Structures are given as structure tokens and as C-alpha cells.
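Let me begin by presenting the structure, written as C-alpha cells, before commenting on it.
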Amino acid sequence: MKFMNLAAVLFLASAAFVVYTLFGYPILLGLAARRERPVRRRFEERSVSVLLPVRNGEAWIRAKLESILSLDYPSALLEILVISDGSTDRTEAFAREFESRGVRVFSIPPSGKAIALNTLMEQASGEILFFTDVRQRLERESLKNLIACFGDPEVGAVSGELVILDASGQEDSHVGLYWKYEKGIRKRLSRIDSLPGATGCIYAMRRALAAPLPPGCLLDDVHLPMLAFLAGYRLVLEESAKAFDVSTTLDTEFRRKVRTQAGVYQILFAFPQLLGPANRMWFHFVSHKVARLLLPLAILIATVSSFALPGNWARTVVVGEALFYLLALCDPWLPRSVRRISSPVRTFVILMLATLCASSILIVPASRFWSTSTGGTTEHPGR
């Protein structure tokens, strides 16, 4: 009897944690965001250094540099720095085609994205650092819209918005359910005060607030903006600054999620003060980032303890869990009408598995989390 009571307590506690993390916190956040802290946008021309690290990005580098050169921003104030991080294809050669148009190209042995960015930051002279990746196309007004946010002296870093497109060039509705959920949280956090990180392919920060990244850092787009946040500045989202990418396979998304969640562990080690009163967004950071790391464990506890629930509760809950996972497993073979429900379930299960795998950062080197992406390139171009 005591064992059954313990199982019920474990099940209810873990289930309550799951419900709070996925639904309760977003509802509380929505209520809190009604009291918006607006950004006082005012565009002023500032010198900008564009930092573009790339490894084996020959498929995208020309289009990316054309996208940067087409930005609606004074060319005299724009410094474009590209670094090839041990590329073994024609990335560097293609990039050097743009040197006559003012692009500066550097090359280093394969060292990782953190070292590549540190090298570029040493060379940068602009008041603002603009970070981007090779694969995503930038909207023409994106940089100007980011820079306008720095008219607010409280803003230290600004994140743009990533739009995922399908094969027809329209916003991808399949990826959209998860991505819209995540972007909804980010928008509300920005309204309250600050995001817990930026979108890696499109963000900017004041150069005076930047510092070298630790070797092996997996999330430059969290580590660098966090320096600004902990210095008392805001990290805000500028929705009108957009970058466009094509949808990827769930397998690629799995690897990316493993890397990004492993990076969150790194952030906790690098900035332990985030878990204490020094973090003015402590409640939101714990409810959003830390709770996400613990979510797979809570689901596992709920699943195991459900077998020992008293009476018919065990049968009812276990059958429900089995149907949930069966729906995820069968998703690729189900009719399209059913996949409206099964695909989000499958995506959720895979992302939870990725988060569970990310905990291996505690025992394996960070370099193991940079995998091979579409086209044979390392995941430098990721988002």
C-alpha cells in the first residue's frame, strides 16, 4: 500500500511538473506580458561589423554574401568579415570573389565556431557586432531594424526572427506548430524584459559588451547576449528583422536540439548566477530553460510510476501513454488528415529524446555535439 501511495505521489508530482512546464508557465507568462516594457526604438547610423563564420558552406556562401551586400544600410558603415573554419571545399575561394566589394576573408585551421568568432571579434571595429550564419537569407531591412533598437540605451543585444520556409517558399506549417509555440514564449519574454538567448543566424549586440567565447562553446547566441544581460542591459526581440531558412528533416532537427540543449548545460556552468538573485529574470529562466532540461526526466518518472497506480488508474493511464507513443511511432505512415495530430506528437517525443541525450555533455567533449548537416557541412550554419 505504501509503495502504491508513493507511486501515486511520484506520478502526480511529475505530471504536474510536465503540465506546468508545457502549459502553465506559458499561461502565466501571457498574463505577465500584459504589462509591456516597450523598446524605445530610434534609428541612428552606427558602424556595424558583420561576422560570418563558416565551414564547408560553398552551397550558400555566394548567396549569403549577396544578401548581406544588399542590406539597406550605408555601405560606408558596414564591415563584412568572413572566416573559413577549416573548410575543405570551395568556401574560401568563393568568399574571396567578394574581396573587391569590401568583404574581408580570413582562414583558420578547423577550430570550432567559438574560436572562429573570437578571431572575427578581434578584427571587428564596428560599434555593433552583427552575427549571422551562412545558410539563411536576410530580409533587406533586417539590419536597420535591429540597429533601431539600440536607440534605447537599456538595450544591449537584439535578436531577429527566423522564418522557416517550405519548398514553395511559404512559411512551413509543419515546423510551425513547435516553432510558433517557442516564438510565442520569446515574444512575451521580450515584452517583459529580456530573452534568455538570441536567434543564432540573426542577432546583434554592442561591441563594448562582448568578450571572447570559451573554446568549445556550443551556444554563442546565448553566451554573448547573456554578457549584456548580466551587465544590466536588455536582450530584446525585433520581429521585423527577419532571416529565412528552409525546413529541415526531423533527424537534422534532433541533432540540432541535442546540441542546443547541451549548450544550456554549458551556460549554467558558465553563469551559475543565473540561478540566483543576480538574475532579475530568475523565475522565467528556471521555468523556461531549466524546466525544459528536466522535462524528459519528469516524463520518464510519470511513465514508470503509472504502472503502480492503484486500481483502474494504472490501466487507464498506461493505455493512454501507450496510445500517445504509438501515435508518434506510426506518424510517417498515417493519412495526412491524422498527421495533423500525430506529427506534433512525434516531434514532441523526438525533441524530448534529444533533450535527454543532451545530458551526455556532462561526460563527453563538447566537440562531439557538432554534427554533419545537409550537404555534408558541419552545423555551423544552424539556427
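The values are calculated or read from the model by the stated rules, or taken from the named source; none is laboratory data. Given the structure is predicted, the values throughout are model-derived calculations rather than measurements. Every residue, glycine as well, gets a Cβ built from its backbone with ideal geometry; the counts of neighbours run over all protein chains shown.
The table below gives the values:
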| quantity | calculated |
| --- | --- |
| Selection status of ARG37, within 24 Å of the chain's Cα centre (by Cα) and surrounded by fewer than 17 Cβ atoms within 10 Å (Cβ to Cβ) | yes |
| Candidates ALA314, ALA328, filtered to the one that is more than 19 Å from LEU10 (Cβ to Cβ) and surrounded by 13 or more Cβ atoms within 10 Å (Cβ to Cβ) | ALA328 |
| Test: residue in the stretch 355-378 that is modelled with pLDDT of 85 or more, more than 30 Å from ASP85 (Cα to Cα) and within 19 Å of the chain's Cα centre (by Cα) | no |
| The one condition in (1) under 27 Å from PHE369 (Cα atoms); (2) crowded, with 20+ Cβ neighbours inside 10 Å that GLY86 fails to fulfil | (2) |
| Residue match in the stretch 59-75 (condition: assigned to a loop (DSSP other than H, G, I, E, B), surrounded by 15 or more Cβ atoms within 10 Å (Cβ to Cβ), without any contact (Cβ under 8 Å) to a residue 40 or more places away in the chain and more than 22 Å from the chain's Cα centre (by Cα)) | no |
| Only listed residue being within 24 Å of ILE267 (Cβ to Cβ) and part of a helix (DSSP H, G or I), chosen from LEU297, LEU326 | LEU297 |
| For VAL304: the one exception among (1) surrounded by 18 or more Cβ atoms within 10 Å (Cβ to Cβ); (2) farther than 30 Å from ARG137 by Cα | (1) |
| Boolean, VAL39 is touching a residue at least 12 places away in the same chain (Cβ under 8 Å) and touching a Phe, Trp or Tyr at 6+ places or on another chain (Cβ under 9 Å) | no |
| The stretch 339-363, subset surrounded by fewer than 19 Cβ atoms within 10 Å (Cβ to Cβ) and of a type in the set (Gly, Ala, Ser), residue farthest from GLU321 (Cα to Cα) | SER360 |
| Residue in the stretch 89-99 that is among the β-branched types (Val, Ile, Thr), within 25 Å of TRP179 (Cβ to Cβ) and in a helix (DSSP H, G or I) present | no |
| Scan of the stretch 52-75 for residues that are more than 15 Å from LYS242 (Cβ to Cβ), among the charged types (D, E, K, R) and touching an Asp or Glu at 6+ places or on another chain (Cβ under 7 Å), ordered by number | ARG55, GLU58 |
| Within the stretch 198-244, tally of residues that are of a type outside the set (A, V, I, L, M) and in contact with a Lys or Arg (Cβ under 6 Å, 6 or more places away or on another chain) | 3 |
| Of all residues making up the stretch 243-269, the number that are part of a helix (DSSP H, G or I), in contact with a helix residue (DSSP H, G or I) (Cβ under 8 Å, 6 or more places away or on another chain) and farther than 19 Å from LEU294 by Cα | 3 |
| Single unsatisfied condition, SER240 versus (1) surrounded by 20 or more Cβ atoms within 10 Å (Cβ to Cβ); (2) part of a strand (DSSP E or B) | (1) |
| Single match in PHE94, PHE130, PHE150, PHE98 (criterion: in contact with a helix residue (DSSP H, G or I) (Cβ under 7 Å, 6 or more places away or on another chain), of a type in the set (Phe, Trp, Tyr) and under 18 Å from TYR233 (Cβ atoms)) | PHE130 |
| The one condition in (1) surrounded by 15 or more Cβ atoms within 10 Å (Cβ to Cβ); (2) polar (S, T, N, Q); (3) out of contact with any strand residue (DSSP E or B) (no Cβ under 8 Å at 6 or more places or on another chain); (4) assigned to a loop (DSSP other than H, G, I, E, B) that THR21 fails to fulfil | (4) |
| In the stretch 123-144, residue farthest from ALA157 (Cα to Cα) [restricted to those that are part of a strand (DSSP E or B) and β-branched (Val, Ile, Thr)] | THR132 |
| Hey, ILE267 over 22 Å from ALA366 (Cα atoms), crowded, with 18+ Cβ neighbours inside 10 Å and hydrophobic (A, V, I, L, M, F, W, C) or not | no |
